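A.B. asks: For reference, the structure I am asking about is given below.
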Amino acid sequence: MTDPTEVHVAVKPAVGRRLRVLTRALAGQLRRQPPDCAGPGVAVIRHSAEVRQAVWALTLCEIPVAFLVSSILPVPARAPHALLEAALILLGFSVLAAMARHPHTVSSSRVVLSTGFLGEISLPRDRVQSASRSMRTLPGRGLRAIPGEPGALACSLGGSVSICVRLDPPVHVNLGKGGAVEATAVYVSADTPEAFPRALSNSRAC
């Protein structure tokens, strides 16, 4: 049983783990299964809109390109090329599925900040004090420390963030090879920035 007072951190997983997350996400979407995070009293906040739009565009464009390239390849090369293109297209849809099935969530007990498939941080609700709009571009991807800003983390799939989540008291976060941080703020991406403070306010009222 999960201890509601603990902080759970999943730093950027190894490639094999990422592929398993992507595969399960795509399978869940195809089966139309509700995400694991779904449930009563849980506010779901989508993220990474700019990454999602780019992946959609690249994936959909890859389909006609695959047929075009295949038509000019020698016959013996067409089967390997088709397998490669199928893998790329499935990867694109898997990334989209992972972002959809691993959103940020806010409940009366926990706040989960997610990147989709590059890690997440799950915080006790009472350690999260506020969330406010903060439009920035930060280096790196996944859950990471922000260079030059002690106590600040980013948890995003892309470089663009739109929300600053304030923590009080500070939360000890072990980033593995990235070191340990006494975090006072986590910057995340949210498709609807105003949804985050609203979800926190509603969870406090529960």
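A.B. asks: For region 121-193, take every pair of Cα atoms, bin their distances at 5 Å starting from 0, and report each bin as a whole percent.
C.D. replies: Bins of 5 Å from zero give 4, 18, 30, 27, 17, 5, 0 percent of pairs.
A.B. asks: At 1.4 Å probe size, with every protein chain present, just tell me what the per residue accessible area of the chain comes to in Å².
C.D. replies: 54
A.B. asks: Right, another one. Using a 1.4 angstrom probe on heavy atoms only, work out the carbon and sulfur share of the accessible area of region 1-152 in %.
C.D. replies: Roughly 64 percent, rounded to a whole number.
A.B. asks: Using 20 Å as the cut-off for backbone N distance, which residues of region 154-180 belong to the label zone defined by a point 7 Å from the Cα of Ser132 along Cα→Cβ?
C.D. replies: 154-155, 161-171, by backbone N distance to the label point.
A.B. asks: Once label points are set 7 Å from the Cα along Cα→Cβ at both Asp168 and Arg125, what is their separation, rounded to one decimal in nm?
C.D. replies: Distance between label points: 1.9 nm.
A.B. asks: May I pose another question? How big is the dipole moment of region 50-206 about its Cα centre under a simple scheme where the beta carbon of each Lys and Arg is +1, that of each Asp and Glu is -1, and everything else is neutral? Debye, nearest 20, please.
C.D. replies: That gives region 50-206 a dipole magnitude of about 220 debye.
A.B. asks: Let me ask something else. Using mean Cβ contacts within 10 Å as the protection proxy, how do 9-15, 111-117 order, highest first?
C.D. replies: Per-residue mean Cβ counts within 10 Å order the peptides as 111-117, 9-15.
A.B. asks: Between Leu58 and Ala82, what FRET efficiency comes out of the Förster formula 1/(1 + (r/R0)^6) with R0 = 25 Å and r the beta carbon distance, rounded to 0.05?
C.D. replies: 0.85
A.B. asks: Counting pairs of alpha carbon atoms under 8 Å apart in space and at least six apart in sequence, what relative contact order in percent does the chain give?
C.D. replies: Relative contact order for the chain comes out at 24 percent.
A.B. asks: Using Cα-Cα distances under 8 Å and only pairs 6 or more residues apart, what relative contact order does region 49-154 have, in percent?
C.D. replies: After rounding, I find 16 percent.
A.B. asks: Can you find, among Val165, His102, Val188, the residue sitting farthest towards the positive end of the charge dipole of the chain, where Lys and Arg contribute +1 and Asp and Glu -1 at Cβ?
C.D. replies: Looking along the dipole axis, the top candidate is His102.
A.B. asks: Please work out how much length the chain gains when fully extended from Asp36 to Asn202, using 0.36 nm per residue of separation minus the C-alpha to C-alpha distance, in nm with one decimal.
C.D. replies: Between Asp36 and Asn202, full extension yields 57.6 nm more.
A.B. asks: If packing is taken as the mean number of other Cβ atoms within 10 Å per residue, what is the order of 104-110, 153-159, highest first?
C.D. replies: 153-159, 104-110
A.B. asks: Another one. What is the distance in Å between the Cα centroid of region 1-75 and that of region 94-121?
C.D. replies: So the separation of the two Cα centres works out to 11 Å.
The values are calculated or read from the model by the stated rules, or taken from the named source; none is laboratory data. Note that the structure is predicted; figures quoted are calculated from it, not measured. Don't worry about glycine lacking a Cβ; one is built from the backbone with ideal geometry, like all the others, and counts go over all protein chains shown. All accessible areas refer to the heavy atoms of the entire protein, side chains included, with ligands and DNA or RNA removed. Shrake-Rupley method; radii C 1.70, N 1.55, O 1.52, S 1.80 Å.
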